[in-house]
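Every read-out reported here was derived from the displayed coordinates using simple, explicitly stated rules and does not represent laboratory data. Note that the structure is a prediction, hence the values are computed from the model and not measured. Using ideal geometry, Cβ is built from the backbone for each residue, glycine included, and neighbour counts are taken over all protein chains shown.
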Amino acid sequence: MRRLLALVPNMLIGAMAVLLLIAVGLFVFRTWYDNRIYPAAVVGDVNVGGLTAAEAEARLTERAAELETGTIAFTYGEQTWTPSLSELGVTVDLETSIAAAEALGRSDDAAARLAFTGDLLRADQVVPLRTAVDSRVLNAWFDRVDRDLGQPAVDARIVVEGTTVSVQPDRAGVVVDRAAATEQVLATLASLQPVNVTLPTAVDVPTILASDLVEVRASVEQSVMTPMRVTFEDRSWRIDGATLSGYLLVDTVMDAGQPAAKLSFDRERLAADLRTQFVPEVNREPIDARVGWNEERGLVALDPSETGVTIRAGAFADVVAEGFLNDDMNVEIPVVITRPEIDDENLDALGIETRLGRGDSNFAGGSWNRDQNIYIATELMNGTLVRPGGEFSFNDAIGEITYEKGYVDADVVVAEQVGRDVGGGVCQISTTVFRAAIYAGMPITEWHPHTYRLRGYEADGWGAGFDASILQLGSNQDNWADFRFENYTDGWLLVESWTQGATVIVNIYGTDAGREVNVNQWPLNGKNAGFTRVISDAQGDVVAERAFASYFK
């Protein structure tokens, strides 16, 4: 017993020595691995023990690349897909994986650190290779597979053909079972090995069943059976339901959890067809009022004006569609109204206030044919309007001289020769309007005196040279000779012409600019004749002076 007690101090010393050796060994071990991963550490299936973080990253980067380019084979029937893990949205998180390996054995708990040291002696210490899956990328791949399967669920829908309304039946489909397929991807990541699996699928159930559309079908059928009445002014047209149904688009949607028909129209095509059908029926150009002068009332409308109308095809399609969709089967055609330039509701805007000039000529003693041509040309020129700043053209006012208008052959002087031609005598009217324009103070822009002195034009006190000839030779108007004058006023001009017995009378009406016209007849000098016109403004200042000379043969 005494000897045993004597051994106790030696045993304590030995134990203390062993503990000291262990402590020193642990200190040396931890100092050596201060900046390294402890030995026997494995990340996934890669040994990183004893490596620095940078060395471990280099080794794991190569393994991560192999893993991300690895594939999973999904099979469904005769179809196979072999996406890489990166195509499925898989990425390896090297930073987190290495940090987990570095953390092994470095707990703040001393007992835990000591226990870890013992674990190192018994087995490798494995931490998982951390990965992440981008659900957006994975679901996008599932979407592509769903399209490849080509078996989506088909909702029941309403089909309209003419006035026949039917229900296209629903059909169940096949799609990827995404939850199960995702689990397979995660299992592959856990095993770190490529796999071949059967693609998990699920039944794609239609949202809308044929049985849900019984009442919807009846409602649509009632709509297409009712014709639409469209009106404009006092006219109306009928568009039957079978025609309208050709433009009808029917979508079946869920509304508050219940199936409902969403009706719309192909409005662009409807507008094009409405334009084709109704433009000839409705569109019209504005028609100017025919005006004349009344000595008591001034300017009056002899024939009323008429507004122009243009269909608004797009708006027309809109009202037809909205009327159909809202059970309003009576609609009015929307149009654009264009007021005429000569509007009988606003004649004051023309500024025709008074008579500016008068001309007359005597055609007594002529032939019946010549008189006939005078009557026709006088009537055709009557009522001619000249816009502000515009130009009066005698040839434009009466148009082309033809037999179709009632003109007949009569004596004419053409190219210094006397002959007969259609419309002979029309110069009686051009002469008369020339005289009116002279005394109205209008600037004369084209004037051709007669080649020969015609004494008939000098009746009733008119001197030689107060005449104007015109010529319509052939159909090329560039070769015609015309009489023209300019409207210098701010208002319109009205040219009225008529016959009174054997006299042609022309009045020009317009806005009084306060001008005074003085005409000085020249003394007849052999075969030469003419006059000078002087125009003064309201202040007495001369604004225009011109000589009109005729050299007769």
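Points worth noting:
- In a DSSP loop and with at most 13 other Cβ atoms within 10 Å, the GluC sites (Glu not before Pro) in the range 230-333 are 233, 295, 296.
- Fewest-first ordering of 176, 48, 230 by other beta carbons within 10 Å of each residue's beta carbon gives 230, 176, 48.
- When shorter helices are ignored and each DSSP H run of at least 4 residues is given -39500 (n - 2.57), the per-residue value for the chain at 222 nm works out to -10500 deg cm²/dmol.
- Taking 0.36 nm per residue of sequence separation and removing the Cα-Cα distance, the residue 251/residue 79 pair yields an extension gain of 58.6 nm.
- Shown for 553, 405, 527: other C-beta atoms within 10 Å of each C-beta, ranked fewest to most, produce the order 553, 527, 405.
- Per-peptide average of other Cβ atoms within 10 Å, ordering 220-229, 309-318 highest first: 309-318, 220-229
- For the chain, the longest principal axis of the alpha carbon atoms and the long axis of helix 2-32 meet at an angle near 20°.
- Bridges between two residues of the chain, per DSSP, are antiparallel at a rate of about 90%.
- C-alpha long axis of helix 135-149 to longest principal axis of the chain, angle in °: 70
- Amide H partners (placed H, <5 Å) of residue 43, local residues excluded: 48, 127
- Correct choice for volume of the Cα convex hull per residue in Å³ that was computed from the model, options (i) 181; (ii) 412; (iii) 233: (ii)
- For the chain, the longest principal axis of the C-alpha atoms and the axis of helix 267-282 are separated by about 10°.
- Interchain or long-range residues, amide H under 5 Å from residue 408's placed H: 373, 423
- Residue ranges 127-137, 421-431 sort as 421-431, 127-137 when ordered by packing (mean number of other C-beta atoms within 10 Å per residue, highest first).
- If the chain linking residue 400 and residue 513 were pulled fully straight, counting 0.36 nm for each residue of separation and taking away their Cα-Cα distance, it would gain 37.3 nm.
- Prolate/oblate/rounded call for the range 472-526, Cα gyration tensor, a/c under 1.5 rounded: rounded
- Cα gyration tensor, the range 226-338 - rounded (a/c under 1.5), prolate or oblate: prolate
- Normalised by the number of residues in the range 456-553, the mean separation of alpha-carbon contacts (under 8 Å, six or more apart) gives a relative contact order of 19 percent.
- Sorted by Cβ neighbour density within 10 Å, fewest at the top, the residues 147, 355: 147, 355
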